[in-house]
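These notes are about the structure you will find just below.
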Amino acid sequence: MRDFIHFYLNGKPVTLSGSAVFQTLSDFLRYERGATGTKVVCAEGDCGACTVLLGKVEAGALAYRAVNSCIQSLYQLDCTHVITVEGVKLNGTLCAVQEAMTANHAAQCGYCTPGFVVSMCGLFDAQTSVTEQDIKDALTGNLCRCTGYEPIIKSGLAVETDRVVKFSQMYPQAEMLESFRKLADQPIYIQAGNQTFGSPTETAGAIKFKAGHEKTVVVQGATDVGVWCNKRNFVPPAVLSLSKIEELKDLTIAGDVVRVGARVTLSELEAFIKDVVPEFYAILNIFGAPQIKNAGTLAGNIANGSPIADTLPFLFVMEAELELAGGQGSRRVGIREFYKGYKTFDLAADEIIVRVHIPLPQPGETLKLYKVSKRKDLDISTFTAAIRLTVEQGMVGNVRIAYGGVGPVVLRLPRTEAFLSGKTHTLETYEAAGLLAREEITPISDVRGSSEFRFQLAENILQKFFYETC
Amino acid sequence: MPVVGKNIPHDSARGHVSGESLYIDDMPFARNELLVDFVGSPFAHGKLIDIDLSEAQRIPGVVGLYTAKDLACNLFGPILKDEVLLVEDVAWFLGEPIVVIAAETRDAMRQAKAAVRITMEELPPVFTISEAIAKQQFLAPERFIRRGDLAAGFAAADHLLEGVFTNGGQDHFYLESQAALVYPGENNTLTVHSSTQHPTEVQEIVAKLLGLQNNQVVCITKRMGGGFGGKESQATHPAVMAGLVALRHKRPARIVFTKDDDMKVTGKRHPFENRYKVGFTNDGVITAFQVELYSNGGAYADLSTAVMARAMTHADNAYFLPNVEIKGVCCRTNLPPNTAFRGFGGPQGTVTIENIMEEIAFLLKKDPLEVRRANLYGETERNVTPYGEIVMNNMLPRLAAEQFRRSDYENRREAVRRFNAESKTHLKGLSCTFVKFGISFNTKFLNQASALVNIYLDGTVQVSTGATEMGQGVNTKIRQVVADQFAIEPEAVILMPTSTEKSNNASATAASSGADLNGSAAVDACQRLRTRLAEAAAKFIASKEADIEASPSNILFEDGYVFDNRRPARRMSFKELVKYAYHQRISLGERGFYATQGIDWNWETGSGNPFLYYTMGCSVAEVLLDRFTGALKVLRSDVLMDIGKSINPGIDRGQLTGAYIQGMGWVTTEELKYAANGDLLSHSPTTYKIPNIQDLPEVFNVDWIENDTNEVNLLRSKAVGEPPLLMAIAVWTAVKDALSAVSGDEIPRLHLPATNEEILMRLTHYRKTAASSVTETVETARV
C-alpha cells in the first residue's frame, strides 16, 4: 500500500500525495507548473484544446494516446508519462508536425492550436504514414473556430514523416518503465480531507473498497465524473480506480461471445471489433472524441446509465450480460434487467461491473445500428436504434429492436418486435411497424431535439432499415 | 524582392504551435492577484428588491463585493447609451451582472457566488421578435431605404410573392472566453490587458464607469483567442469588473469567463424575422421589392442599429432592385444584447434575398441560377444600389461565368435532378449564390486609423497600430506592407501589442477593415520616414560621388539596400542609412494616419456612398439529405471570390475556408435553444454544435480570380474577413433546393439553421401533404 502517485511529465518524474491528487491535470499544468500551453476552453472534454498525450505501458513499452486533461484527475495518472505541447519540441526546435502547421497556416487565433499539435503528434507517433481520413479521425475531438480545418488537414498531409522523431527516442523509456514496474503491484490508498482515493491491484480489493466507502465513484477513464466535478461542483467522497487491476483488461472472443473487461477502453474495443461486428465499429467510430474513447470504457458507458449512451442499443439487441462482482461473489445480469429506471441499476453497494459478455450476431442475421445527432461526429445522440432480425424466404423473424433517447432508459420494443415477426419483408410492413413503434415510446423535448422529432425518427428508422436491407 | 503577395507564415504561428503565445489567462500570476467574477440575475426580466451580501462577506478569501452603487457611472453603450454594467433596478436578461466579487482563491470564489442572495420580483419576459412587435418594444426608431415607385413596380409584375423568412442567432464560440487582467498603477492609473477587438472602447468605458480620465487608463491587447465580432463591444464588461477591483484594492485583478457563462451572458448574431413582398416578371426579373427586416436585439442597443444598417444595405445583395423599400426595426427582448458577428447583419440581409431567388425560380419552374443572373448587377447599367451607390469594380458577371464553368453547374444540375427522381432514401440539392459585401464602416467617422512606426539603430522596425490581432493575420499583412516600404526582410519588422498608449482613439478591428485602415496608416507613416531617409541618403551619396547633386527622387530602396539610381554601385544597407540618419539627427519615428475618402451616408434619405468598394463572390454548394433522419451532408462546395490583389495568399485562403465553415455552421448545426425562462440550454460544445473536422465538404474548392484593378484600397487588395462567411448561404439554399424536389406545389419554406430536425420536419410535412394530396400554393396573387 502506498499513499502517493508517481508519474512523468515531459520526461521528468512527479510524485504527489494528499489533496493534490484530486485536482485536474489541466489545473495542475496551468496553475501549479505555469505550463500554460495547454488551454482550457469547455472544461468538459468536448473541444480538445486541453489535449495531452498519456503514455501507458502496453506490451512492455509506453504507448501514447490523446486525452483531455481538463477531465483527467491527477489520481488517474499513476504510472503514466504525460506529454504536453511543451514536450513535443525537439531540443527547443519545432518538431515536424509543428513545422508543417506553421508553414501551412494551421493556426489563426492559436487557442485551439496546442490541442491540435498534440493530437497530431500522437497520430504521427503511432503511425508512420497517414491518410487524409486518418488525420480527420485523429482530430475529431479538436474544435477549431478559425481555419475551417482545411489548412490543418493540409498540414497533416505535409508533415515530413522522415523527420518525425518517435517519443520513444525523445524520451528514453527504460527509467520510466523501471519505476512503473516497481510500483505496479502496490495498491494506492490516499485520504485527504473528506476525500479518499483507492487504486487496488485486485478485484477483491476493489470490492472491499467499495463496500467500505459510501457513495464510492468507480472510475476508469472518469470522462463523465470529470465533467461533474468541473460543471456541477461534484466532490466525490470516495474514488475507486480500476486501473491497476490487470484481470479487468481482457478483450477476447470465446465461442460466439465477446468478453470485454471493465478496463477496456472504447478505443481498444473499436479497433478489436472492426472486423468482428462492423456495424458496432461504425457506431464506435462516431462515438465521440478520440480523447474520450482513449480514456472511457464500455463498462463506464453502461454504468453511467444514460438513455442515449451510444453503445446500449447494440448491447440490448444482442442481449449482452454484465458480470458483476461483489462481496457475495459474482453474478450475471442481462443488460435489459440491469436498468431499473433513469440511472438506477440492479447493482449492490459492494458490486462492480467487471466484464461485459456480448453474444455475436449469428450467420443469417441482419444487424443495423443507428445514431442520429445534430452533428454526425462528436455529438451526443438525439436518438439511437438497433435492429436485429432474420429474413428467410421473404419473412421476418427473430426480431429484436432497441431504441435510445425515447424514454428514461434504452427500450426494447416488444410490440413492434411481435408485429414484425412472421410478416413479409416489405416497405408496407415496416411502415406499419413504424407507427406501432411510436406507441411504445415516451420521448421528451430537450436541447437535442423535440419529442415530435424523436417520434418521427422512431417511425422512420424502420423504413430506413428496410431500404438498407431490401 | 517584395514580400507583399507572398505566402509567409502568420507572425505568431511559431508561438501558437509551441503553446508559447500568451493569452490573458496565461499571463503569470502575481502573488497578490485577485480573482474576479460576478453573480447575475436569476430572471430574464425582474425587479431587483434586495441584495444580501452578508453571508458572502464572511467567507474567508472573499475580499470585495460590489454593486451598481460602487460605480462612478453605470450607463454606457457603443452607439446609444442605454446599457448598465450592473443592474440597478430592473434586470433585462438572465444572468445580467448584479454583484462583482473579488476573491483570493477559486474555492472562495465558488463559495461566494453561491452565498450571494438576490431577491427579485419576476416580470413577464419577451423573447421573440413577434412578441416584441406585439408589445411595440423596440431599441430604436424604424429606418428606411427607398428608391423608385413601389406601386408601379408591383403593377408591372407578372407575379407577386410574399413570405416570412426567419433565421436563428449564432454564438461566436471564440475559443478564448472574454477575459481581462488589470494592473493598478500610481495616481489611480490602470493598465488593462483585455481580449478585445476595441481597446479604445475598453479604455473609455473603464475610465468612465470608474470615474477616471481616459488618460489614466491604458488598454493593451496582444492577441485574442478568436473574436469574430464578439469582442467588439462586449469585452468591455469584464474589463470594467476587473478594473473596479484593481482600483479599489490596488492589486492586480483578473477575470476569465467560463465557456458556459460566456455563452449564457454575452450577445450573439442577431436572429431576424423578415417579411417580404416581391414582384417579378415571367423571366424572373424583379420589378418591385419590399422587405421589413426585424432583428432580435436583446436587452440593450449595443451595436444593433449598426447591424441593422448593414442588413438593410445588403438586402439587395448582388441584385438590382429598381423599385424598393427596405425597412429595418431592432426589437428589444429579454436576451443578452445581441452584437457584432462576422458579417454584421450582412448575412441576414443577403440570405433573405437569396431565399427569395429560390422561391421565384420555384414558382416559375426555372433554374434558380437563371433567375439570379437575370437580376445580377450590371457593369454599366442596372448598377446602382437601392441607397444610390454605384457598384464599382463589379466582378459579379465575371464570377458568375467563371464559377458556372468551374463548378460544372449544368451537368451537376442534371445529375441532381436524376438522383432525386431515382433515390428512395436520399435527396440532393444544388445551389449557386452570390455575395456583394460593402467594405467600410457604415458610420463614416469610424473609417480612420493611426499607426506608429519606429526604426531602431540596427535597422529593425516596430509598428504599432490600432488593429487588434485575433488570428485573422492583420499583423502579418501589415508586417509585409511595412517591410516592402523599406525593402527590408519581414523578420526585421515586428508588430507590437495594440495599445491605446500608441494608437489613441482607434476604431474597433471590425468590418473586415483592419488591414485596409491600419495598413494604410502604416504606409502613411512609412512614406514620411522614407522621404526623410531618402533625403539623407541623397545627401550622403552626393557627398561621396563627384558630379551628382543630392536628389532624393533618385533614391531607391531595394532588397535591403538604398542607392541612387544614377550610381547604383554606391549602395548602403538600410541599417547603415538608419545609423547615418540618426547621426544627422533625423527623426526615425513617425505617426501615420488614414481616413477613408469619398464615403458618406445619410439616414434622413437612406442613401449615400457608405462603401469604398465591394468584395464579391460566387458560391456553389451541393448537399445530400437523408429522407428518414434529415441528416445533412455537404458533398461539394465551390468558393470563388474576388478579393482584389492578395497581400498574403495563405492568410487570405485561411479567411476563406474559415469563414465558409463558420457560415456553414450558422446555416446548419448551430442552434441556440432556450428554456422557457430564457436560459440558454446550448451553452457549451456538448450542446452547441459548431462544425467539426468531419463536416468539411467532401470536395472543397476554394479560389479567387485575378483582379488588380481595385485602385481605391491598400495595394489594390480587398477586405476578406467577413465576405466569405456569406458564401456558405449556398449550403442552406441547396437544402431548400433539395426540398423543392418533394414539396409538390408548395414553396419549400425553411428556417435557418437547417438542422436535421428542421429538415426532417419539412420532409415529413411534404410526405403527409403528398399522401393526402392536398396542395397549397403560397403565391398570393397573379396579376
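Seen from B:TRP666, the other residues with C-beta closer than 14 Å to its C-beta sum to a net charge of 0, counting Lys and Arg as +1 and Asp and Glu as -1. Computed with a 1.4 Å probe on the full set of protein chains, the accessible area for B:THR189 sits at about 50 Å². At an R0 of 35 angstrom, the distance between the Cβ atoms of B:ASN504 and A:TYR31 translates into a FRET efficiency of 0.45.
Only helical runs count toward this figure. For chain A, summing -39,500 (n - 2.57) over DSSP H runs of n ≥ 4 and dividing by all residues gives -8500 deg cm²/dmol at 222 nm.
Placing dummy labels 7 Å off each Cα toward the beta-carbon, the span from B:ASP149 to B:ASP703 is 4.7 nm. Which loop trypsin sites (Lys or Arg not before Pro) in the range A:315-360, with loop taken from DSSP, have no more than 14 other Cβ atoms within 10 angstrom of their Cβ? Answer in residue order: A:LYS343. Rg then Dmax, both in Å and based on the Cα atoms of the protein assembly as shown: 31.6, 109. Taking every C-alpha pair closer than 8 Å and separated by at least 6 residues, the mean separation divided by the residue count of chain A gives a relative contact order of 11 percent.
Summary value for chain B: 15 percent relative contact order, contacts being C-alpha pairs under 8 angstrom separated by 6+ residues.
Among beta bridges from DSSP that stay inside the protein assembly as shown, the antiparallel ones total about 85%. Between A:LYS215 and A:GLU365, residue separation times 0.36 nm minus the direct Cα-Cα distance comes to 49.8 nm.
Remark on the range A:376-469: hydrodynamic radius 13.4 angstrom, per the Kirkwood mean of 1/r across alpha carbon pairs.
Dividing the Cα radius of gyration of the range B:532-646 by its Kirkwood radius returns 1.37 for Rg/Rh.
For B:ARG58, A:ARG412, B:ARG248, the ranking by accessible surface with the largest value first comes to B:ARG58, B:ARG248, A:ARG412, using a 1.4 Å probe. Of the cross-linked pairs A:LYS210/A:LYS274; B:LYS366/B:LYS768; B:LYS633/B:LYS768, those separated by over 28 Å at the C-alpha level are A:LYS210/A:LYS274. Label reach from B:GLU545 (point 7 Å along Cα→C-beta): in the range B:563-588, amide nitrogens under 13 Å belong to B:563-572. Accessible surface ranking for A:ARG415, B:ARG627, 1.4 angstrom probe, highest first: A:ARG415, B:ARG627. Counting only protein heavy atoms and using a 1.4 Å probe, the accessible area of A:LEU157 comes to about 90 Å².
For the range B:535-585, the list of GluC sites (Glu not before Pro) that fall in a loop by DSSP and count at most 15 other C-beta atoms within 10 angstrom reads B:GLU545, B:GLU549.
Among B:LYS365, A:LYS374, the order of accessible area from largest down is B:LYS365, A:LYS374, computed with a 1.4 Å probe on protein heavy atoms.
For the range B:139-212, the relative contact order comes to 15 percent (Cα pairs under 8 Å, sequence separation of at least 6).
Taking the square roots of five times each eigenvalue of the Cα gyration tensor of the range A:246-359, the equivalent ellipsoid has semi-axes of 21, 16, 14 Å, listed largest first. Per residue of peptide A:139-145, the mean number of Cβ atoms on other chains within 10 Å of the residue Cβ is 6.
Annotation: lysines with alpha-carbon distance below 24 angstrom to B:LYS264 (same-chain offsets under eight excluded): A:LYS39, A:LYS231, A:LYS374, B:LYS47, B:LYS81, B:LYS113, B:LYS231, B:LYS673, B:LYS689.
Legend: mean number of C-beta atoms from other chains within 10 angstrom of residue C-beta atoms, peptide A:448-459, equals 4.
Angle of helix A:174-184 to the longest C-alpha principal axis of chain A, folded into 0 to 90 degrees and rounded to 10: 60°.
Restricting attention to the range A:376-469, close to 100% of DSSP beta bridges with both partner residues there are antiparallel. Per-residue SASA remark: B:ILE51, around 50 Å² accessible (1.4 Å probe; ligands, DNA and RNA not included).
Taking 29 Å as the straight-line reach from the Cα of A:LYS208, the lysines in range (excluding those fewer than 8 positions away in the same chain) are A:LYS56, A:LYS182, A:LYS244, A:LYS249, A:LYS293, A:LYS340, A:LYS343. Scoring A:203-214, B:302-313 by mean Cβ neighbours within 10 Å over their residues and listing the highest first yields B:302-313, A:203-214.
Per-residue 3J(HN,Hα) values for the range B:665-679, derived from phi via the Karplus relation 6.51 cos²θ - 1.76 cosθ + 1.60 with θ = phi - 60°, read x, 4, 8, 10, 9, 8, 10, 8, 10, 10, 6, 4, 8, x, 6 Hz in sequence order (x marks Gly and Pro). At full extension, B:SER54 and B:ARG405 could sit 119.2 nm farther apart than now, given 0.36 nm per residue minus the alpha carbon distance.
Compared with the direct C-alpha span, the chain from A:ASN304 to A:GLU319 gains 3.6 nm at full extension, assuming 0.36 nm per residue. A crude spin-label estimate for the pair A:ARG259 and A:LYS208, with each label 7 Å from Cα along the Cβ direction, gives 2.4 nm.
Two-decimal Rg/Rh of chain A from alpha-carbon positions, Kirkwood Rh?
With Rg and the Kirkwood Rh in hand, the quotient comes to 0.98.
Note on B:ASP70 and B:ALA595: with the Förster distance fixed at 41 Å, the Cβ-Cβ geometry gives a FRET efficiency of about 0.55.
How charged is the neighbourhood of B:LEU181? Take every other residue with its Cβ under 14 Å from the Cβ of B:LEU181, and add Lys/Arg as +1 and Asp/Glu as -1.
Here the count lands on -1.
Model label sites at B:LYS6 and B:ASP559, defined 7 Å from Cα along the beta-carbon direction, differ in position by 1.3 nm. Near B:PHE138, within a Cβ-to-Cβ distance under 15 Å, what is the net charge of the other residues, with Lys and Arg +1 and Asp and Glu -1? Overall, the nearby charge balance is -2. Is chain B rounded, prolate or oblate when judged by the Cα gyration tensor, a ≥ b ≥ c being the square roots of its eigenvalues, rounded requiring a/c under 1.5 and prolate requiring a/b larger than b/c? Oblate is the answer for chain B, as a/c is 1.5 or above yet b/c matches or exceeds a/b.
The values are calculated or read from the model by the stated rules, or taken from the named source; none is laboratory data. Worth saying up front: this structure is predicted, and the values here are computed from it rather than measured. Quick reminder, even Gly has a Cβ in these numbers, built from the backbone with ideal geometry, and neighbours come from all protein chains shown. To get the accessible areas, we keep the full protein, side chains included, count just its heavy atoms, and leave off ligands, DNA and RNA. Shrake-Rupley method; radii C 1.70, N 1.55, O 1.52, S 1.80 Å.
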